[in-house]
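All remarks here apply to the structure that follows.
The values are calculated or read from the model by the stated rules, or taken from the named source; none is laboratory data. Keep in mind that this is a model prediction, so the values were computed, not measured. Please note: Cβ atoms are built from the backbone with ideal geometry, for glycine as well, and neighbour counts cover all protein chains shown. When the accessible area is computed, the model is the full protein with side chains, heavy atoms only, and any ligands, DNA or RNA have been set aside. Shrake-Rupley method; radii C 1.70, N 1.55, O 1.52, S 1.80 Å.
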Amino acid sequence: MSPVHGDHTGQNGNVRSLETTVGTLFEIGEDSDVMRSIERPRAVNVERKRSFDERSISELSNIGSPCRRSGFLGSPRLSSYYESHPMVANAWETLRRSVVHFRGQPVGTLAAVDHSVEELNYDQVFVRDFVPSALAFLMNGEDEIVKNFLLKTLRLQSWEKIVDQFKLGEGVMPASFKVLHDPVRNFETITADFGESAIGRVAPVDSGFWWIILLRAYTKSTGDTSLSEMPECQNGIRLILSLCLSEGFDTFPTLLCADGCCMIDRRMGVYGYPIEIQALFFMALRCALLLLKQDNVGKEFVERITDRLHALSYHMRSYFWLDLKQLNDIYRYKTEEYSHTAVNKFNVMPDSLPNWVFDFMPSRGGYFIGNVSPARMDFRWFCLGNCVAILSSLATPEQASAIMDLIESRWEELVGEMPLKICYPAIESHEWRIVTGCDPKNTRWSYHNGGSWPVLLWLLTAACIRTGRPQIARRAIELAESRLSKDSWPEYYDGKLGKYMGKQARKFQTWSIAGYLVAKMMLEDPSHLGMISLEEDKQMKPLVKRSASWSS
């Protein structure tokens, strides 16, 4: 992360608002649909409706407390619950301290509230960071802050975005934004970072996908379709889709990305087709199908999305999937194959297989590897991409089960003493120098290079509930509860087992707090999973190579 300056104009890294003066920056007309939506009284949701994609998890409703509740606040059991769960009470109190207001309205949460170190851009609202906070608020019946966040970031998307005299695509969503207060004029404005101030100056590819996913979660949780049906929201979805569905020279349906374009926002060798972006891309496309209106413009996008989803699901399930059988096939690959009959389609050299992967791969289990491109397969395990693959149904039921088998088999490597490894294994020695550019923050088993990130707890929990293995999530949550609050909610942990608090980790990291709350609430009421999980599309079932663990 890097600082974002309050200037709205400049020669380099220039981001200009469509408004003409600073005084009117980000002001919204009183007669606009956006303003009317913000001011519209919130409907009382008497009963949260469950739709078809929640029914499959209804049998899990007996998991956790027998008393089903929509949230903690406003419940007759509130006091007793907090008394028996002081860590939950502390988490909510700390989360609320991170809430950011713009002109009297809550619009997001700060990345961290740690005043003991330089704030840099941790005092901003990040799109990806806010997602677990938003889910926590939605699960607690507090949807106003989520609605305001969606509208504010949508408005920021409409800005003209120029970096070093180069204009970014219209659909790019900001990585983060900051509320600036002018004490002289007693006036607030917003400034945003679209990558022009980020480390490496990389635009956030994942922000637009998270925005679509969160819009669907809001709609699913509240039952309110009026927000997603607004012309501004429909246009925002289409702008994001226009960027990622554009035609080019690619022969792959996956999305080509630069290093540092996602949660791993520093150089870590994830350039090309990283699993995190492909899984989020798949999930965002599926969410967009549910959100887009079936009008003349919407139908065109629906057709393009459907075609891409079929191609993407086939590609990912066939070429990114790795289990014992597939590993042995790659080990025996022939090279320099030509024509449509080639088995080694990407001309991957068997000698490029890393030694660790043979010991890491269990007899039962499998996972989606980090990257596939010509002559290159990144065999590293990446947590977020695999969990999102389960939640979006990019993974088939058999593959989802195999991923959970792998996590159980390699618990010490992937979970250790603090959930959860962002990737495994760490890059070391000469490879670390080349791949990371000698990044001192990404030394082995630290930060993005094999560090342990508590925020990933909510994704693991969701994947566990989705696959019917809540006991795995309970075990991971118990590990987190033994230290997380005592350590003041750090951003990440270091070491091969996640034993040490990160050497540069911020304390009171908001998504560490929110990730824990979301995990706890999902275990208590598994129906919450419906807002972040998509049922398998029976029409997207291409023939894939069988996992060795499927028939075991």
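Points to keep in mind about this one:
Conditions (1) in contact (Cβ under 8 Å) with a residue 60 or more places away in the chain; (2) farther than 24 Å from Gly365 by Cα; (3) open to solvent by 10 Å² or more (accessible area, probe 1.4 Å); (4) acidic (Asp, Glu), marked per residue:
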site: Pro397; (1), (2), (3), (4): yes, no, yes, no
site: Ala402; (1), (2), (3), (4): yes, no, no, no
site: Asp405; (1), (2), (3), (4): yes, no, yes, yes
site: Glu408; (1), (2), (3), (4): yes, no, yes, yes
site: Gly416; (1), (2), (3), (4): yes, no, yes, no
site: Pro419; (1), (2), (3), (4): yes, no, no, no
site: Ser429; (1), (2), (3), (4): no, yes, yes, no
site: Asn442; (1), (2), (3), (4): yes, yes, no, no
site: Asn449; (1), (2), (3), (4): yes, no, no, no
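- Whichever residue in the stretch 431-440 is among the β-branched types (Val, Ile, Thr) and in contact (Cβ under 8 Å) with a residue 12 or more places away in the chain and, among such residues, is least open to solvent (accessible area, probe 1.4 Å): Thr436
- Flag for Leu327 being over 19 Å from Leu255 (Cα atoms), touching a strand residue (DSSP E or B) at 6+ places or on another chain (Cβ under 8 Å) and of a type in the set (A, V, I, L, M): no
- Ile162 open to solvent by less than 50 Å² (accessible area, probe 1.4 Å) and within 23 Å of Cys244 (Cβ to Cβ): yes
- Candidate set from the stretch 134-158 (those that are touching an Asp or Glu at 6+ places or on another chain (Cβ under 9 Å) and not in a helix (DSSP H, G or I)); member that is surrounded by the most Cβ atoms within 10 Å (Cβ to Cβ): Asp143
- Filter result for Ala198 (buried (at least 18 other Cβ atoms within 10 Å of the Cβ), under 21 Å from Ile162 (Cα atoms), of a type in the set (Gly, Ala, Ser) and touching a residue at least 24 places away in the same chain (Cβ under 8 Å)): yes
- The single condition from (1) in contact (Cβ under 8 Å) with a residue 12 or more places away in the chain; (2) surrounded by fewer than 23 Cβ atoms within 10 Å (Cβ to Cβ); (3) not in a strand (DSSP E or B) that Val131 fails is (2).
- Count of the stretch 386-419 residues which are touching a strand residue (DSSP E or B) at 6+ places or on another chain (Cβ under 6 Å), under 20 Å from Ser512 (Cα atoms) and either part of a helix (DSSP H, G or I) or at pLDDT below 95 (or both): 2
- Boolean, Trp458 is among the aromatic types (Phe, Trp, Tyr), within 24 Å of Gly530 (Cα to Cα) and surrounded by 22 or more Cβ atoms within 10 Å (Cβ to Cβ): yes
- Considering residues of the stretch 510-552 that are over 30 Å from Ala288 (Cα atoms) and either touching a Phe, Trp or Tyr at 6+ places or on another chain (Cβ under 8 Å) or aromatic (Phe, Trp, Tyr) (or both) only, the residue modelled with the highest pLDDT: Ser547
- Counting the residues of the stretch 225-257 that are in contact (Cβ under 8 Å) with a residue 40 or more places away in the chain, surrounded by fewer than 17 Cβ atoms within 10 Å (Cβ to Cβ) and small (Gly, Ala, Ser) gives 2.
- Yes/no for Pro470 being under 23 Å from Glu118 (Cβ atoms) and at pLDDT 95 or above: no
- When the stretch 501-537 is filtered for residues that are of a type outside the set (Asp, Glu) and in a loop (DSSP other than H, G, I, E, B), the ones remaining, listed by number, are Gly502, Lys503, Gln504, Ala505, Arg506, Lys507, Phe508, Ile532, Ser533, Leu534.
- Qualifying residue in the stretch 351-358 (condition: in a loop (DSSP other than H, G, I, E, B), surrounded by 13 or more Cβ atoms within 10 Å (Cβ to Cβ) and modelled with pLDDT under 95): no
- So Val179, is it modelled with pLDDT under 95, in contact with an Asp or Glu (Cβ under 7 Å, 6 or more places away or on another chain) and surrounded by fewer than 22 Cβ atoms within 10 Å (Cβ to Cβ): no
- Among the numbered conditions (1) modelled with pLDDT of 95 or more; (2) farther than 26 Å from Ser242 by Cβ; (3) β-branched (Val, Ile, Thr), the only one that Ile305 does not meet is (2).
- The set of residues from the stretch 238-252 being out of contact with any Ser or Thr (no Cβ under 9 Å at 6 or more places or on another chain), over 17 Å from Ile212 (Cα atoms) and not β-branched (Val, Ile, Thr) comprises Ser246, Glu247, Gly248, Phe249, Asp250.
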